[in-house]
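Undergrad: The structure is given below, and queries will be raised subsequently.
The values are calculated or read from the model by the stated rules, or taken from the named source; none is laboratory data. Predicted, not measured: the structure shown is a model, and the values here were computed from it. Quick reminder, even Gly has a Cβ in these numbers, built from the backbone with ideal geometry, and neighbours come from all protein chains shown. Calculation scope for accessible area: heavy atoms of the full protein, side chains included, ligands and nucleic acids excluded. Shrake-Rupley method; radii C 1.70, N 1.55, O 1.52, S 1.80 Å.
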There are 4 protein chains.
Amino acid sequence: MSYNTFGHLFRVTTWGESHGPALGATVDGCPPGVALSEDRIQHWLDRRKPGQNRYTTQRREPDAVEILSGVYEGQTTGTPIQLMIRNTDQRSKDYGNIADTFRPGHADITYFQKYGLRDPRGGGRSSARETAARVAAGGVARAALSALLPDLRITGYMVQMGPHHIDRARFDAAEIERNPFWVPDAQAAEDWATALDQLRKQGNSVGAMIEVTAAGVPAGLGAPIYAKLDTDLATAMMSINAVKGVEIGAGLAAAGLTGTENADEIDMSESGPAYRSNQAGGILGGISTGQEIVVRFAVKPTSSITTPRASILRDGTPTEVVTKGRHDPCVGIRAVPVAEAMMACVLLDHLLLHRAQTGATGPLGRIGS
Amino acid sequence: MSYNTFGHLFRVTTWGESHGPALGATVDGCPPGVALSEDRIQHWLDRRKPGQNRYTTQRREPDAVEILSGVYEGQTTGTPIQLMIRNTDQRSKDYGNIADTFRPGHADITYFQKYGLRDPRGGGRSSARETAARVAAGGVARAALSALLPDLRITGYMVQMGPHHIDRARFDAAEIERNPFWVPDAQAAEDWATALDQLRKQGNSVGAMIEVTAAGVPAGLGAPIYAKLDTDLATAMMSINAVKGVEIGAGLAAAGLTGTENADEIDMSESGPAYRSNQAGGILGGISTGQEIVVRFAVKPTSSITTPRASILRDGTPTEVVTKGRHDPCVGIRAVPVAEAMMACVLLDHLLLHRAQTGATGPLGRIGS
Amino acid sequence: MSYNTFGHLFRVTTWGESHGPALGATVDGCPPGVALSEDRIQHWLDRRKPGQNRYTTQRREPDAVEILSGVYEGQTTGTPIQLMIRNTDQRSKDYGNIADTFRPGHADITYFQKYGLRDPRGGGRSSARETAARVAAGGVARAALSALLPDLRITGYMVQMGPHHIDRARFDAAEIERNPFWVPDAQAAEDWATALDQLRKQGNSVGAMIEVTAAGVPAGLGAPIYAKLDTDLATAMMSINAVKGVEIGAGLAAAGLTGTENADEIDMSESGPAYRSNQAGGILGGISTGQEIVVRFAVKPTSSITTPRASILRDGTPTEVVTKGRHDPCVGIRAVPVAEAMMACVLLDHLLLHRAQTGATGPLGRIGS
Amino acid sequence: MSYNTFGHLFRVTTWGESHGPALGATVDGCPPGVALSEDRIQHWLDRRKPGQNRYTTQRREPDAVEILSGVYEGQTTGTPIQLMIRNTDQRSKDYGNIADTFRPGHADITYFQKYGLRDPRGGGRSSARETAARVAAGGVARAALSALLPDLRITGYMVQMGPHHIDRARFDAAEIERNPFWVPDAQAAEDWATALDQLRKQGNSVGAMIEVTAAGVPAGLGAPIYAKLDTDLATAMMSINAVKGVEIGAGLAAAGLTGTENADEIDMSESGPAYRSNQAGGILGGISTGQEIVVRFAVKPTSSITTPRASILRDGTPTEVVTKGRHDPCVGIRAVPVAEAMMACVLLDHLLLHRAQTGATGPLGRIGS
């Protein structure tokens, strides 16, 4: 609704810049009585933390979350939860030069144009560091969901890095946590490592495609027309830095399908409707079907590269930009935990919305005798 | 924000079902003093109207808009504008049978599951007829924009129908209005007609990809993080019936690019920054660059086909569904005017947001001496 | 949130002007499965209808509500409910003169200043006719509440008209429906009739104080800090035309009390906490206590009087204004059904909010062993 | 909109409990380029700070604000401003006993009932300490307003304490800052000191009435029907702890007036319309007239008193409550700076809303030739 707030009832407002004193998330609307601790949120932050391997920025920060409000004796009280992460590795330097230069492909030119000024330190508000706040907020959402939807499993992973795709025949979920790319394909993990090393040496970066799924979502979540579950998932993913496209289920490929190929036929099983396929990605008419929810999104390659690029200064003078510093050659890697966090936030939000309107946390209409 | 409302400041709430007495849009937040008449809105509705050629549903309705409030002596007063379109061609029949059957790929199963009941007449609220209300609201947005951004040009067109893509080398904007597919490629129009005739005879349907562009948008529109211009465009397009994916600029293809390929280099021109390419689709960091804004989205094939499909009844009994009636073989065709309307609504909304925060309707930060 | 929308989850957007084709309310967020018909809403509209006695405007309109969407076979479907009331008694005349004159105490000067133009017909959007839309929306809220809170009783009545107060010792709820003033005191009804006749002859008008109570509200509704139940009730009542003040429980008189006088002592009863007094008006810390909720608000006398008043024309020329036409000498009378409707909307909204966050429709914390 | 957020475009979300690590406000939507520093905000906080005289709680805390985001080189950047105030004087003690007792007149019973648990330390979220966050946010609003409305003067003061009223004939604005009661009447200040000393000795507390005015507000701010300027002011004031009633201009007394008494007659002056009186309190039809805005509200006496009061324990056992600790005998005193802060937030918010819709920061419609 607002500029920096996400969600209808479970509302997350993130704040903070890359190199200010701290950043965080103000989380409002969390149910009371949810078991929550800093450790529990830290678990998710640690998965996103930079500097864990040679493929992510070498900025080294503990990204330690502090809960400043809303939790008492290990339980949420129903009041706002303030999550703060201090910035501890802001290398002090003169940003005067950077403040006058616009990096091609970067938001610094548009922030300047919009506001007439900007915080140039490390990208300021447009830095990917903002996503740490999302992961922390997602940790709160997961804590609430663990009681409300105990069977829920959210899984994010990379399916493409530049020209390299995973082989779905080799899909192995257990592999995801074993490699630095969150890729469910051991062979791809090996190949991508070689490819990314080479790119980094060339002073270049590369894009990525992330897929995030949610199993165990009951039918009935979502709302028609403008607060559709798929609309809100698209909103959530598109709001992540550097995302240029989002798709659900068959996604953009649906443009190439016929009606017979696209419509998932339905059988009846003991546990309710069973679909023969999942082109819908678990959502029909903006409302969950009970199938696995499947979202994919593309992350563009970071514009912070050491290859010189033509640009201009604030006064219009032509220049060449080479971005030094600690940057991720494939920023998409770190988007995986962020996508999982956004999925958690959207699902909790829609669970609360559904509960508000219907009093239920699952389908109100029962199919089968 | 709410279930059926779209927009931050220029807020559109659509209402109505396919076969109820009427449907429409409640438009709040329009600037005062905008020249507005029913004719002006009707112009846009007529472009979306069904039954205009053999490729859209043969339902024949005038889709005549009535302005019930908010306009006095041809000008908006700043108060809510109620736009009503009566449903005049609701063929009366017994919907009892349909009410118990779930069409594969259709929202009727999830609406029933969510609410425990539904309006089965013609798809009820999930019908594509809802988009008429969007087109009407878009007409209001365009009227306001014509004064605020006189150079704005919004253009929607199809770029893919099933396996058939346009040839960008043959792109001719003048062609768009000349064929029933809103396709900017005369040869494609001819080929697609043949292909679609064949599909319809087979009792099948097909998906489509729509592209909508906006030229003449000043730099500076948008907001960081959650109300990004691209996020809100994705929200707008994903909320249209049957849309399964949205992309901006390079879009999903950005996953396959390197940083050098993706970042649009910048030169200085007399009118400000000039970009050598537009992978960004006119948006960086959620804020417009001043380049052409480029959005694409995929519309799945309609599930209302005459080929029999396996499904179930409300009581769980297996059945076969054949959807008779008046349906579009390629519902994506009619999404073109809808996409233009949504683009207009989003741009006006962000213009108002930007004006609220900065007092300007364009960039606050000037580049160049 | 928006300019013409009220409510968090049960959201009402009213639209329409006094002398346009129609006015109404777009109601979004209503639970599905609520029994609803035009008759049921009409019942409440008829109580507000003008022209029923000599103390309200002689404008005679049926104020017949039409449900245009959101209801199927007598039940709400969970989608937006459009309620339309046609304006049938808009006497056609030349408003040119009125459009240039500003009535002292009336909104026509500020509407003109804000928007640069206005709809002068019968007060346009600022007319008390807008409250018909609220009463209709309140009818929807009541229908939903009758299932969710069957013991709820909302009662509105006048407690003061100009210098005349009711005698609380004579309070008789049964009297409310028997007199044109909705006053729970038979003697007052008689006295006020005489007083109001005299005022009208003098070409004058008079203010009023309304009290509205809600019994049967469970403890636990409300939210801390900004969406407090009392805050939202104050918002609801202050948004009614001509209201200049709102108070809860002891209200403004609380400024004159000591802590021992003000704090309601608590005993334990079989049904839970029992309070020895109700200075709180049923709300502590923004959350309902389970006691009767008590709200009062003052309605200023209408500015449409036949006594000449000094004013100016649009061009600044001094003038004298005498407002002829059909006006209520005590517009507060008709505010009674409006206040009840707003109470219903707020209570339903907070019930849904509470259910969203806690899963309950009453207190989560139980007092007593 | 949300549970803990206030404002449409200038949005303030407060967070934090009385005895947690910190509390604060997340401020989103502030215009960019506003000169802002911690000192500037601290100035306002210091006025509210407890322990400054013997009439406010003896809790001694610096209430030092830290700006954690949204400001760069002394200017707001247009991104969220996080304001944090550490709680430094939380005396550690065992709250187990308090957690099971409900104080008459206090929110602890309803918080427990609503959420099933609560943070009992010092009142938790319902503590008046929350208002420090409002004052800090108000400091941001004032900084933005100082550029946008340089002639704006916001003034808050007490007009009643228990049975003692100020004498308007002795009104002296210069006196407000000279006494601990913010009372514009030197004689009242003296008398009230005696009265309050006596009450405190008796272990009692007392209510208060606050008036806050805003001069220099242009005509045209506000919005019809639900986001009226007076509605939003009432919302703002009612949301402050312990407030039981709000009125604008003539306020509740309007119920006792006739139309001739109430309607402010209008003359033409060189600077535009000039009103002969201000019963309207500067607002007509929800929109500012350009006159002084006048709001009053009642603060109930604090329930934390040392006189024993009948109450119950969580298990229903009857008990007697005596609240020891550091409490304000007249909590209304400290509401004065809070009311000023809320006035500033509302005015900035409406200025931004008006600018969004009309492009102007003052009246669009000009009166006079």
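Undergrad: At 7 angstrom along the Cα-to-beta-carbon line, where would the label on A:R276 sit relative to the other copies? Give the distances in nm, shortest first.
TA: 5.2, 7.5, 8.4
Undergrad: So what is the 222 nm mean residue ellipticity for chain D from helices alone, if each DSSP H run of at least 4 adds -39500 (n - 2.57) and you divide by all residues, rounding to the nearest 500 deg cm²/dmol? Numbers along the way, then the final one.
TA: Values: 8 runs with 96 residues, N = 369.
Calculated mean residue ellipticity at 222 nm is -8000 deg cm²/dmol.
Undergrad: How long are the semi-axes of the ellipsoid equivalent to the range B:163-303, from square roots of 5 times the Cα gyration tensor eigenvalues, in whole Å, largest first?
TA: Numbers: eigenvalues 195, 68, 37 Å².
In descending order the semi-axes read 31, 18, 14 Å.
Undergrad: Right, something else. Please give the solvent-accessible surface of D:D151 in Å², to the nearest 10, using a probe radius of 1.4 Å with every protein chain present.
TA: 110 Å²
Undergrad: Still on this structure: Please report the residue of chain D with the smallest beta-carbon distance to the D-to-B rotation axis, and give that distance in Å, no decimals.
TA: Result for the D and B rotation: D:A356, 2.
Undergrad: So for the range C:257-369, taking the charge dipole from beta-carbon charges (+1 Lys/Arg, -1 Asp/Glu), which of C:T258, C:V338, C:L352 sits furthest toward the positive end?
TA: Sorting the options by dipole projection puts first C:V338.
Undergrad: Considering only protein heavy atoms, what per residue accessible area in square angstrom results for the protein assembly as shown with a 1.4 angstrom probe?
TA: Values: 43630 Å² over 1476 residues.
For the protein assembly as shown, the per-residue accessible area is 30 Å².
Undergrad: Can I ask one more? In degrees from 0 to 90, rounded to the nearest 10, what is the angle of the helix C:38-48 Cα long axis to the longest principal axis of chain C?
TA: 60 degrees
Undergrad: Let me ask something else about it. For D:263-273, what's the mean count of beta carbons from other chains sitting within 10 Å of each residue's beta carbon? Write out the running numbers ahead of the final one.
TA: Numbers: counts 17, 6, 8, 12, 5, 8, 2, 1, 0, 3, 7.
Rounded to a whole number, the mean comes out at 6.
Undergrad: Show log10 I(q)/I(0) for the range A:313-354 at q = 0.15, 0.19, 0.24, 0.28 Å⁻¹, two decimals, from a solvent-free Debye sum over equal Cα scatterers.
TA: After summing over all Cα pairs, the log10 values are -0.64, -0.72, -0.86, -0.94.
Undergrad: In chain B, once you exclude exposed GluC sites (Glu not before Pro) (DSSP loop, at most 12 other Cβ within 10 angstrom), what's the longest stretch remaining?
TA: Working: sites that count: B:E73, B:E270.
Result for the longest clean stretch: B:74-269.
Undergrad: I would also like to ask the following. Placing +1 at every Lys and Arg Cβ and -1 at every Asp and Glu Cβ, with all other atoms neutral, what dipole size does the range A:161-314 have around its Cα centre, in debye to the nearest 20? Before the final figure, lay out each step's value.
TA: Working: 12 positive and 18 negative charges, 213 e Å.
In debye, rounded to 20, the range A:161-314 gives about 1020.
Undergrad: So for A:S269, C:S288, what's the accessible-area order with a 1.4 Å probe, most first?
TA: On the way: A:S269 40, C:S288 0 Å².
Sorted descending by solvent-accessible area, the residues read A:S269, C:S288.
Undergrad: What value does the protein assembly as shown have for Rg/Rh, both radii from Cα atoms and Rh as Kirkwood defines it? Could you put the intermediate results ahead of the total?
TA: Values: Rg = 31.1 Å, Rh = 32.6 Å.
Ratio of gyration radius to Kirkwood radius: 0.95.
Undergrad: Answer with one residue from C:M238, C:L152, C:I312: the one whose Cα lies farthest towards the positive end of the charge dipole of chain C, charges on Cβ with Lys, Arg +1 and Asp, Glu -1.
TA: C:I312
Undergrad: What does the charge dipole of the range A:291-343 about its Cα centre add up to, to the nearest 20 debye, if the Cβ of each Lys and Arg holds +1 and the Cβ of each Asp and Glu holds -1? All intermediate terms of the calculation are to be shown ahead of the outcome.
TA: Working: 7 positive and 5 negative charges, 30 e Å.
Using only the charged Cβ atoms, the result is roughly 140 debye.
Undergrad: Let me know the volume per residue of the alpha-carbon convex hull for the range D:115-211, in Å³. Working shown, then result.
TA: Values: hull volume 14.8 nm³, N = 97.
Taking the convex hull of the Cα positions in the range D:115-211, it is 153 Å³ per residue.
Undergrad: In degrees from 0 to 90, rounded to the nearest 10, what is the angle of the helix A:229-238 Cα long axis to the longest principal axis of chain A?
TA: Approximately 10 degrees, to the nearest 10.
Undergrad: Computed over the Cα atoms, what is the radius of gyration of the range A:239-369 divided by 2.2 N^0.38 Å, N being its residue count? Show your work: numbers first, answer last.
TA: Numbers: Rg = 21.7 Å, N = 131, 2.2 N^0.38 = 14.0 Å.
Normalised by 2.2 N^0.38 Å, the Cα Rg of the range A:239-369 equals 1.55.
Undergrad: Bin all alpha-carbon pair distances of the range B:276-325 at 5 Å intervals from 0 and give each bin's fraction as a whole percent.
TA: Each 5 Å bin holds this share of Cα pairs: 5, 15, 14, 10, 8, 6, 6, 6, 11, 13, 5, 1, 0.
Undergrad: Right, here's the next one. If I take all pairs of Cα atoms in chain B, what percentage of them are more than 36 Å from each other? Show your work: numbers first, answer last.
TA: On the way: 16558 of 67896 pairs.
Above the 36 Å cut-off, chain B has 24 percent of its Cα pairs.
Undergrad: Can you tell me, using C-alpha contacts under 8 Å and at least 6 residues apart, the relative contact order of chain B as a whole percent? Don't jump to the answer; show the numbers that get you there.
TA: On the way: 771 pairs, mean separation 78.4, N = 369.
Computed over chain B, the figure is 21 percent.
Undergrad: When Lys and Arg each count +1 and Asp and Glu each count -1, what net charge do the other residues less than 15 Å away from B:E175, Cβ to Cβ, add up to?
TA: Working: positive: B:R168, B:R170, B:R178; negative: B:D167, B:D172, B:E177, B:D185, B:E190, B:D191, B:E211.
Overall, the nearby charge balance is -4.
Undergrad: Determine how many Å³ per residue the convex hull of the Cα atoms of the range B:93-172 encloses. Intermediate values should be presented prior to the final figure.
TA: Working: hull volume 14.3 nm³, N = 80.
So the per-residue Cα hull volume is 178 Å³.
Undergrad: Please check the range D:9-53 for residues whose accessible area, probe 1.4 Å, is lower by 20 Å² or more when all protein chains are in place than in their chain alone.
TA: D:L9, D:R11, D:T13, D:W15, D:E17, D:P21, D:T26, D:D28, D:G29, D:P32
Undergrad: Please report the buried accessible area for the interface of B with A, total over both chains, probe 1.4 Å, in Å² to the nearest 100. It would help to have the intermediate numbers written out before the result.
TA: Values: alone 17460 and 17440 Å², together 25750 Å².
It comes to approximately 9100 Å² buried between B and A.
Undergrad: If you don't mind, there's one more thing I want to ask. Taking every Cα atom in the range C:171-213, find the radius of gyration and the maximum pairwise distance Dmax, and write them in Å.
TA: 11.3, 34
Undergrad: Tell me, what % of the accessible area of the protein assembly as shown is carbon and sulfur with a 1.4 angstrom probe?
TA: On the way: 20770 of 43630 Å².
That share works out to 48 percent.
Undergrad: Compute the angle between helix D:335-358 and the longest alpha-carbon principal axis of chain D, please, reported from 0 to 90 degrees and rounded to the nearest 10.
TA: So the helix axis and the longest Cα principal axis differ by about 40 degrees.
Undergrad: If you don't mind, another one. Could you pull the accessible area for C:W44 with a 1.4 Å probe, rounded to 10 Å²?
TA: Ignoring ligands and nucleic acids, C:W44 comes out at about 60 Å².
Undergrad: Just going by the charge dipole of the range A:72-219, with Lys and Arg at +1 and Asp and Glu at -1 on Cβ, which of A:A99, A:A141, A:A195 is farthest out on the positive end?
TA: It is A:A99.
Undergrad: Please label the shape of the range D:206-262 as rounded, prolate or oblate, based on the square roots a ≥ b ≥ c of the eigenvalues of the alpha-carbon gyration tensor (a/c under 1.5 means rounded; beyond that, a/b larger than b/c means prolate, else oblate).
TA: Details: a/c = 1.66, a/b = 1.09, b/c = 1.51.
The shape class here is oblate.
Undergrad: Looking at the range D:77-182, which trypsin sites (Lys or Arg not before Pro) are in a loop (DSSP not H, G, I, E or B) and have at most 10 other Cβ atoms within 10 Å?
TA: Loop-located and lightly packed - D:R91.
Undergrad: To the nearest 20 debye, what is the magnitude of the charge dipole of the protein assembly as shown about its Cα centre, counting +1 on the Cβ of each Lys and Arg and -1 on the Cβ of each Asp and Glu? Let's see the in-between values first.
TA: Values: 148 positive and 156 negative charges, 0 e Å.
It works out to roughly 0 debye.
Undergrad: From the label point of D:T194, set 7 Å from Cα along Cα→Cβ, how far away are the matching label points in the other copies, in nm, ordered shortest to longest?
TA: 4.6, 9.6, 10.5
Undergrad: Measuring from a point 7 Å out along Cα→Cβ, what nm distances, shortest first, does B:A173 have to its partners in the other copies?
TA: Here B:A173 shows inter-copy label distances of 4.9, 5.7, 6.9 nm.
Undergrad: For the residue pair B:R170 and A:K201, what label-to-label distance in nm results when each label sits 7 Å from Cα along the Cα-to-beta-carbon direction?
TA: In this crude spin-label approximation the distance works out to 4.6 nm.
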